[in-house]
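For reference, the structure discussed in these notes is given below.
Since every read-out is calculated from the coordinates, none of them should be taken as a lab result. Please read all numbers here as calculations on a predicted model, not as lab measurements. Methodologically, a virtual Cβ is constructed for each residue, glycine included, from the backbone with ideal geometry; neighbour enumeration extends over all protein chains shown.
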Amino acid sequence: MLFKKKKFERKVILQREVLDSILSYCQMQHPEEGILILKGKSKNGEINVDGLVIPPFNYTGDTFAGIPNSFLPFDMSYIGIVHSHPSGDAEPSVTDLNNFFGLVSLIVKSPYSDDSVFAWDSSGNAIPLSIK
Ligand SMILES: [Zn+2]
């Protein structure tokens, strides 16, 4: 009998109040990009986002909002970043993927409604997202 290694289904679970905070933060930053650090836990491929941190250092521009990795404190509960795309495009840019941090990258496109949020992995593949 062959032992088949279980392949975990990846998914991102976003707490309702975290989503609301992300959306209002991105609306405030508009037309600039907004960026936040995602806090949470990952278990068996399930990424549970339960908090947000405003980066200690950030820069925004027309094309990319990012955090230099060297400025991030080492914290295992930092599982990714979320940033907005005021242009209304939800696809991660090459720059986004090159600056990937953590396990997941959330992108919120304009106009920042509940269905404007998308989750991506470091290769630019979509991860299913659900709101709890
Ligand atoms: Zn981007």
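Side notes on the structure shown:
- Net charge over other residues, Cβ less than 10 angstrom from the Cβ of Ser105 (K, R count +1; D, E count -1): -2
- Each other residue within a Cβ distance under 10 Å of Pro128 adds +1 if Lys or Arg and -1 if Asp or Glu, for a net charge of +1.
- Interchain or long-range residues, amide H under 5 Å from Ile47's placed H: Lys11, Val12, Ile13
- Packing, taken as the mean count of other beta carbons within 10 Å per residue, orders the peptides 77-86, 98-107, 22-31, 122-131 from highest to lowest as 77-86, 98-107, 22-31, 122-131.
- Computed from the C-beta positions of Lys11 and Ser87, the FRET efficiency with R₀ = 25 Å rounds to 0.40.
- Distance between the modelled labels on His30 and Asp50, one decimal in nanometres: 3.1 nm (7 Å Cα→Cβ projection).
- Charge tally in the Cβ shell below 13 Å around Ile47, where Lys, Arg are +1 and Asp, Glu are -1, Ile47 excluded: +2
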